[in-house]
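K.L.:
Could you have a look at this structure, given as structure tokens, before my questions?
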Amino acid sequence: YNISVGPRRSDSEGVSSSYFLPLDVAYDDITKEIAQEIVAEYAANMDPYFNRYRENASENKSLSVQNALTFRRDMSDYEYLEVDVSHDFNDNKGYSQILNTVSGNAGGRLTTDDVTDNHTYSHLLSARVDYSKEVRGTSKFELGTKADFTWRDMPYFYYIDNIPDMQRSNHFKYDQQLISLYATYARYVGNFTLQVGLRGEQTIYHTLGLGVERDGSEIIYSESKDVSLYRD
């Protein structure tokens, strides 16, 4: 049996400036100071938003837990049973804030406060059972099954000046089931092996886009707007 736990956290901050220059201005070897002089010189002929300043800060937290169990029993040198079970859990949270400031040729400035808030929550479960028996020198029989299950929940919300931006906000859920079963029989004939087998699989997955809408400065859920897809 193995278990692994991995908590993580990262924080970052940064600033950046952008200057949009006329097409007839050569940009080779332009420094920030030269760009600012050109901006001041051409300000009267530029489009309203030619200068942008951005401050951003982000915070990310994650927790992963992995469990694995392996069991094997040898009934003899020619017969065994093996079982593997594993489970992975992941919880990731991300938050970022971006202050965008743009200035125009009229001297005005516009600042927006953009915030993203996202959370990814997932489970992965896998189980496998194999049984094998060999009749020494004559034949071999194998039987096995495997199942994989996946669940994910991923809300992502975007705000501009504390108002939800519904063009970029969404909440998505996904789950999948994959189950397989197989059996093989092998017969040894001299230097040859004759083998027959049968394998069956079933895959079921369900995706769900939760209906979200804006209610003032809040994001609310509307079940009537859910978008669901189911496949078997």
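K.L.:
Would you please list the contacts, defined by Cβ atoms under 9 Å and residues six or more apart or on different chains, that run from a residue in the range 152-169 that is under 15 Å from His119 (Cβ atoms) and touching a residue at least 40 places away in the same chain (Cβ under 8 Å) to a residue that is of a type in the set (Gly, Ala, Ser) and surrounded by fewer than 16 Cβ atoms within 10 Å (Cβ to Cβ)?
P.N.:
Filtered contacts from the range 152-169: Tyr159/Ser217.
K.L.:
Another one. Can you tell me which of (1) within 25 Å of Arg54 (Cβ to Cβ); (2) at pLDDT 95 or above is the one Ala127 doesn't meet?
P.N.:
Result: Ala127 passes all but (1).
This table checks each residue for (1) among the hydroxyl-bearing types (Ser, Thr, Tyr); (2) in contact with a Phe, Trp or Tyr (Cβ under 9 Å, 6 or more places away or on another chain).
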| position | (1), (2) |
| --- | --- |
| Tyr158 | yes, no |
| Asp161 | no, no |
| Met166 | no, yes |
| Ala183 | no, yes |
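K.L.:
Restricting the search to the range 171-184, which residues are open to solvent by 50 Å² or more (accessible area, probe 1.4 Å) and of a type outside the set (A, V, I, L, M)?
P.N.:
The answer is Phe172, Lys173, Tyr174, Gln176, Gln177, Tyr182.
K.L.:
Check Thr150 against each of (1) within 27 Å of the chain's Cα centre (by Cα); (2) surrounded by fewer than 16 Cβ atoms within 10 Å (Cβ to Cβ); (3) not acidic (Asp, Glu) and name the one condition it does not meet.
P.N.:
Among (1) within 27 Å of the chain's Cα centre (by Cα); (2) surrounded by fewer than 16 Cβ atoms within 10 Å (Cβ to Cβ); (3) not acidic (Asp, Glu), the lone unmet condition for Thr150 is (2).
K.L.:
A further question on this structure: Within the range 185-228, which residues are in contact with a Ser or Thr (Cβ under 9 Å, 6 or more places away or on another chain), farther than 27 Å from Thr145 by Cα and open to solvent by 60 Å² or more (accessible area, probe 1.4 Å)?
P.N.:
Arg214, Val227, Ser228, listed by residue number.
K.L.:
Report, by residue number, each residue of the range 40-57 that is over 15 Å from Thr101 (Cα atoms) and modelled with pLDDT under 60.
P.N.:
Selection gives Met46, Asp47.
K.L.:
Related question: Picking from Thr138, Thr145, which residue would you name as being surrounded by 15 or more Cβ atoms within 10 Å (Cβ to Cβ), of a type in the set (S, T, N, Q) and farther than 30 Å from Asp226 by Cβ? So that I can check it myself, show each step before the final result.
P.N.:
Numbers: Thr138 fails: surrounded by 15 or more Cβ atoms within 10 Å (Cβ to Cβ).
None of the others qualify; the one that does is Thr145.
The values are calculated or read from the model by the stated rules, or taken from the named source; none is laboratory data. Model, not experiment: these values are computed from the prediction. All Cβ positions, glycine included, derive from the backbone under ideal geometry; neighbour counts span all protein chains shown. SASA here: full protein model, heavy atoms, side chains in, ligands and nucleic acids out. Shrake-Rupley method; radii C 1.70, N 1.55, O 1.52, S 1.80 Å.
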